[in-house]
Amino acid sequence: MNRITALLLATTLLSAPLAGAARAEMLDVEKDELTLGFIKLTDMAPLAIAKEKGFFEDEGLYVTLEPQANWKVLLDRVISGELDGAHMLAGQPLAATLGYGTKAHIVTPFSMDLNGNGITVSNEVWELMKPQLELDADGKVKHPISAAALKPVIEKFKAEGKPFNMGMVFPVSTHNYELRYWLAAGGINPGLYSPEDTSGQIGADAFLSVTPPPQMPATLEAGTISGYCVGEPWNQAAVFKGIGVPVITDTEIWKNNPEKVFGLTEEFTEQNPNTTLALTKALIRAAEWLDADSNANRAEAVQILSKPEYVGADAEVIANSMTGTFEYEKGDKREVPDFNVFYRYYATYPFYSDAVWYLTQMRRWGQLPEAHDDAWYDATARDVYKPEIYLKAAQMLVDEGLIDPVDVPFDTDGYKPATAEFIDGITYDGKAPNAYINAMTIGLKDGQTVVGGAVTN
């Protein structure tokens, strides 16, 4: 066999379908060449996997993935059509559709993951927090850590005439709301927004501001901020650099919380319904691959994500959380098997109740200046979250034998059961958003608004 014949044979074998593998039903896509955006975080993984494992091509799609400088640039480029869709903060489609910031009707047929964030503080702050922390029988700090342990530190800063600054990635990011939730649960006011003052720092004990995710560790090291909430690998990067200590993960703030979504303009989905279905199918397959066989594929996923064109961080740093562990204080590595969830627990389904939770936080902190009835929350969720697209794509994958029907919530009404699995133990029922808002001690409630820096009824 000569060299050319050998190469042709190898190519044929590599391109042949595996024995027993189902052939994907090829949709007649309206647009087959697509450019999708993402931010360099590990939860962009479904996009990278769909490309690297050929799931996009199986659907007749030829996809270019482009990292974006920040969340605003990413959203603006989706709205302008420079990007066909993108990895988005779960709050972005809701905020854009409501006109908070940039106005555009953005929708999502696919939730990209659950959990995946952490809150990190500087070494200085950690040392000041430690006297307030309990230890377990092994001498390790007990988790979860309440923000109440941070309160004396903030008071110390204030007595010294120093602001206590913390970073989060975007005003409508999960990170902003999780950081605020944690602080408020510990008795610390993270501040309010108003139409006149969009800093989010009205009446604040801790001052939150935007820092792009990859810049978090350097900003912490420079002393500009004393802590931050961000996705991976930027909490673990602080541990590896020895500049900070992650104190809590978001799964400890709200167990199995929704994190990112795949966002597109409503116009794109209407003009390209088959392309939207094809994209959703490929992403569902990617998510299933990421969680398959008790995360057996995660080591390979880490190597893919570490490539410079994706997350571009050291594989060892990415693996610290993606493979089911999480390192808090240096050397204190613990099992956190659900730190990153991509498929199990119906992670990819766009639940209305997830959308409603984000809307309650926008209202709680003043980004929605006026009160709304419960029906408004439901209607807004339905305007943005599109489970009907997801279910159609999932049914096609079930028919093709590519996913198990038990992994798809075909009989849901779009609302998860009420849960009290939050750090403060307050029950959240997506069908009763105003009752949930009013149960909070810190933040707006009932008919309250912020006028001239003061809360009025």
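The values are calculated or read from the model by the stated rules, or taken from the named source; none is laboratory data. Predicted model only: the values in this text are computed from it and were never measured. For neighbour counting, all protein chains shown are included, and Cβ atoms are generated from backbone atoms with ideal geometry for every residue, glycine included. With ligands, DNA and RNA removed, areas are computed over all heavy atoms of the protein, side chains included. Shrake-Rupley method; radii C 1.70, N 1.55, O 1.52, S 1.80 Å.
Each pair of Cα atoms in segment 302-457 enters the Kirkwood radius, and Stokes-Einstein at 10 °C and 1.306 mPa s then converts it into a translational diffusion coefficient of 84 µm²/s.
Counting charges near residue 231 (Lys, Arg +1; Asp, Glu -1) among other residues having Cβ under 13 Å from its Cβ returns a value of -4. In the structure shown, the pairs 130/156; 53/307; 72/307 are assessed against 18 Å; a Cα-Cα span above that value is assigned to 72/307. Distances between every pair of Cα atoms in segment 154-223, grouped in 5 Å steps from 0 to the bin holding the largest one, split as 4, 16, 25, 26, 20, 8, 1 percent. The stretch between residue 413 and residue 330 holds 25.5 nm of extra length on full extension. This uses 0.36 nm per residue minus the Cα-Cα distance.
Site pair residue 57 and residue 307 shows an inter-label distance of 1.1 nm when each label is modelled 7 Å from Cα along Cα→Cβ. For segment 297-405, applying the loop criterion from DSSP together with a ceiling of 14 other beta carbons within 10 Å to the GluC sites (Glu not before Pro) yields 309, 370. Amide H contacts for residue 104 (H built 1.01 Å from N in the peptide plane; partners 5 or more residues away or on another chain; cut-off under 5 Å): 97, 99. In the chain, the DSSP beta bridges split such that about 65 percent are antiparallel, to the nearest 5. Solvent-accessible area per residue in the chain equals 39 Å², computed with a 1.4 angstrom probe and all protein chains kept. To make sure I understand the rule: partners must be lysines, Cα under 20 Å from the Cα of residue 431, and not fewer than 8 residues away in the same chain. Which ones qualify? Excluding near neighbours in sequence, the set is 255, 386, 416, 445.
Membrane-span-like helices in the chain, defined purely by DSSP H runs whose alpha carbon atoms cover 20 Å or more axially and whose average Kyte-Doolittle hydropathy reaches -0.5, are 273-295. Counting only heavy atoms of the protein chains and using a 1.4 Å probe, residue 376 has close to 60 Å² of accessible surface. Answer with a single label: of (i) 0.99; (ii) 1.32; (iii) 0.91, which was calculated as Cα Rg over 2.2 N^0.38 Å from the structure in view? Answer label, from the structure shown: (i). Applying both filters, DSSP loop and at most 16 other Cβ atoms within 10 Å, to the trypsin sites (Lys or Arg not before Pro) of segment 78-168 gives 103, 140, 142.
Less than 5 angstrom separates the built amide H of residue 208 from those of 166, all sequence-distant by 5 or more or on a different chain. Applying 1/(1 + (r/R0)^6) with R0 = 35 Å to the Cβ-Cβ distance of residue 382 and residue 26 gives a FRET efficiency near 0.70. Rounded to the nearest 20 debye, the dipole size of the chain about its Cα centre is 980 debye, using +1 on the Cβ of Lys and Arg and -1 on the Cβ of Asp and Glu. Take the Cα of residue 455, step 7 Å toward its Cβ, do the same at residue 199, and the gap between the two points is 1.9 nm. Roughly to the nearest percent, how much of the accessible area of segment 357-457 is carbon and sulfur, given a 1.4 Å probe? The value for segment 357-457 is 53 percent carbon and sulfur by accessible area. Which one, 46, 88, 147, projects farthest toward the positive side of the charge dipole computed for the chain from Cβ point charges (K/R +1, D/E -1)? It is 147.
With a ≥ b ≥ c the root eigenvalues of the C-alpha gyration tensor of segment 265-378, is it rounded (a/c under 1.5), prolate (a/b larger than b/c) or oblate?
It is oblate, given that a/c is not under 1.5 and a/b is not larger than b/c.
Each residue of segment 412-426 is assigned a 3J(HN,Hα), and the resulting list reads 6, 8, x, 10, 6, x, 4, 9, 10, 7, 10, 5, 9, x, 6 Hz, derived from the Karplus form 6.51 cos²θ - 1.76 cosθ + 1.60 (θ = phi - 60°), x at Gly and Pro.
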